Each structure stands twice: as C-alpha cells, then as structure tokens.
1. Looking at the stretch 123-148, which of its residues are in a helix (DSSP H, G or I) and of a type in the set (A, V, I, L, M)?
2. Which one of the conditions (1) touching a Pro at 6+ places or on another chain (Cβ under 9 Å); (2) free of Cβ contacts under 8 Å to residues at least 12 places away in the same chain does residue 133 fail to meet, given that it meets all the rest?
3. Residue by residue through the stretch 1-54, note down the ones that are modelled with pLDDT of 80 or more and acidic (Asp, Glu).
4. Would you mind telling me which numbered condition in (1) aliphatic (A, V, I, L, M); (2) in a helix (DSSP H, G or I); (3) at pLDDT below 95 residue 167 fails?
5. Could you please give the count of residues in the stretch 38-59 that are surrounded by 13 or more Cβ atoms within 10 Å (Cβ to Cβ) and out of contact with any Ser or Thr (no Cβ under 8 Å at 6 or more places or on another chain)?
6. Considering 151, 233, which residue is in contact (Cβ under 8 Å) with a residue 12 or more places away in the chain, in a helix (DSSP H, G or I), under 30 Å from residue 86 (Cα atoms) and touching a helix residue (DSSP H, G or I) at 6+ places or on another chain (Cβ under 7 Å)?
7. Could you list, in sequence order, the residues of the stretch 78-94 that are under 17 Å from residue 125 (Cβ atoms) and either open to solvent by 40 Å² or more (accessible area, probe 1.4 Å) or over 27 Å from the mean Cα position of the chain (by Cα) (or both)?
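The values are calculated or read from the model by the stated rules, or taken from the named source; none is laboratory data. Since we're looking at a predicted model, the values are computed, not measured. Methodologically, a virtual Cβ is constructed for each residue, glycine included, from the backbone with ideal geometry; neighbour enumeration extends over all protein chains shown. Remember, those area values only see protein heavy atoms, side chains included, never the ligands or the DNA or RNA. Shrake-Rupley method; radii C 1.70, N 1.55, O 1.52, S 1.80 Å.
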Amino acid sequence: GGIGLFFRLVTARSAYIEVGVIEGVEKALEKMKTGEEAEIIIKSDYAFGANGNPSLNVPPNTEVTYIVKLISFTKTKASYEYDSVDDRITDATGYKEKGTVYFKSSKYSLALKLYKRGLGIVEKSSVYKEEEKEATKGVRILLHLNMAACYLKLDESYEARQQCEKVLEEDPTNIKAHFRKGQAFQATRDYDEALKCFQEVLKLESTNRSASQQIQVCRQRIKEQREKDKKMYTNMFKKLADLNERDAPPTQDKQEEPVKDAITEAMEKAEELQNGDETMKEESQNGDEPVTA
C-alpha cells in the first residue's frame, strides 16, 4: 500500500530527453505511442524510494501515480544506419552526458541504460574501418569506464571488471580502468588481485594517493585473512593431536598414519602462512615505487 500521490506530466517528448523523470515513468514511456495519455501507478522502488522527495512532499517508501501524455519522441538510429563517424561520436557523447546526469542523481540503472545505448553506436565491430574505430575510441573508452562505475554502484563486480578489461585492451595504461578493476576485486574480497591493480596504478602514476590508500587497505585485509587462516589451521592441528593422543594406541601404527598425515599437513600450512607474513613485511618495507630499469 502506501500513500497515493498524483502528478501530471504533460511535456514528455522522449523516453530519454526529460532527464529528471523518475525510473517508473521512463519505463512506461518506452511502451507508449505518440499522443497517448496514461495513468501510471508506480511503486516506491521505481519512484522516490526510501528517501522520498521532500521538495515534492513525497514521504519515504511511497507509491505515486502519474498522469502522462507522450507528445512526441525521437527514434534512435541503429548502429548500421549512421553514414558519418562524426554523427556517431555526437550521438554517443549525448547518451554519455545524459547518463552522467542520472549517475550524479544516483539513478545507476538508468545511467547504465544510456551508457549502453551510446556504446552501441561506437562499439568496435569488424564492419567498421580502422580509421572509424580509432576515431570513436575516445568516447568508447569513456562509456566503458562509466559503465564500470555503474556496475560497481550496483554491486555487479564481475561486469565492472569486464568493462575495465575492454578499456585495457585498447589502452593498457588507463589509470581509471586499473583502479576500478581493483575496486571490483575488492568488492569480491579478492584482495591479492586488487593489490596488483592498485600497484599498477602507482607504476603509471606514482603520486596517486587513492591507489596508495587502497594498497594499504588490501595489505591489511590480506594480513587479517592470513592470520584467520593460520588460527584455523593451528586449531585443526591441536584437535588432531588431541584425537591422536586419545584414540590411537601406540601399537596401532597403521591406524595412526592418516591422522599423522593430516597433522603434518596442518603444520605445513601454518608454517606457510607464517612465511607469508614475513614476505608481506618485506614488501611493505620495500614500498610501492615503480621499478625502473
């Protein structure tokens, strides 16, 4: 349920030009025809969500109703319909800019939709000439980076990494791609891989403070994980030792062997983790400055 609030929107000319429109209206406009008027009941998740909208006196988690009339719309071109590279770049840039307005308003799903539309216009394809691919490279990279930022906000880490990889295929020294790839690894607690990404950023830009900070975060998380693992294996060793002492008579040598093997494995793992801590200390002392030949 929730309080029903009514709004009248009579100037909608496109599903994507009126950037301030809420997501529920955006979705409805996609299904409407020119001249059609509709009453749209929108759940709070697709309206103003948990924050509401104080400027419109909309409380949090409120269902709203819009009366919408679609005056006109502009049909988007398919990628193959473009004759000019400049037109491709112009339209893709337009989608990027509109998407960024949504991103700054925390409407990440809508921003992502616009970035995807822009990318569809300038995405690499075997049907394009090499000079066309090169001309559209700049805006294509920005769209991939912005999509990665959206995916990070939406907790879709794998997709964020994929977008970063596509950037790095074309621009291996792109600092934002390496950084956002590191953030994606952090989100899945893969701190070893994240550390590599942030270290790569420092190799490319030694004064990057954000990368330096994230390197320290990763090292701390790696250290915590190793200490946790070490404690786990130490406890395992103790339990196995107690089990061996209690249940295995000295005369039953053959029955002792599996337990002894498990104890040995636990001891080796604990020793390995200890050695790993020493390595981490040495790396920390050596710093993260890029090595020059």
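1. 135, 139, 141, 142, 143, 145, 147, 148
2. Of (1) touching a Pro at 6+ places or on another chain (Cβ under 9 Å); (2) free of Cβ contacts under 8 Å to residues at least 12 places away in the same chain, only one is false for residue 133: (1).
3. 36, 37, 39, 45
4. Tallying (1) aliphatic (A, V, I, L, M); (2) in a helix (DSSP H, G or I); (3) at pLDDT below 95, residue 167 fails exactly one: (3).
5. 7
6. Exactly one residue qualifies, and that residue is 151.
7. Within the stretch 78-94, 78, 80, 81, 82, 83, 84, 85, 87, 89, 91 qualify.
This table checks each residue for (1) open to solvent by 20 Å² or more (accessible area, probe 1.4 Å); (2) touching a Cys at 6+ places or on another chain (Cβ under 8 Å).
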| site | (1), (2) |
| --- | --- |
| 76 | yes, no |
| 96 | yes, no |
| 106 | yes, no |
| 110 | no, no |
| 117 | yes, no |
| 131 | yes, no |
| 139 | no, no |
| 144 | no, yes |
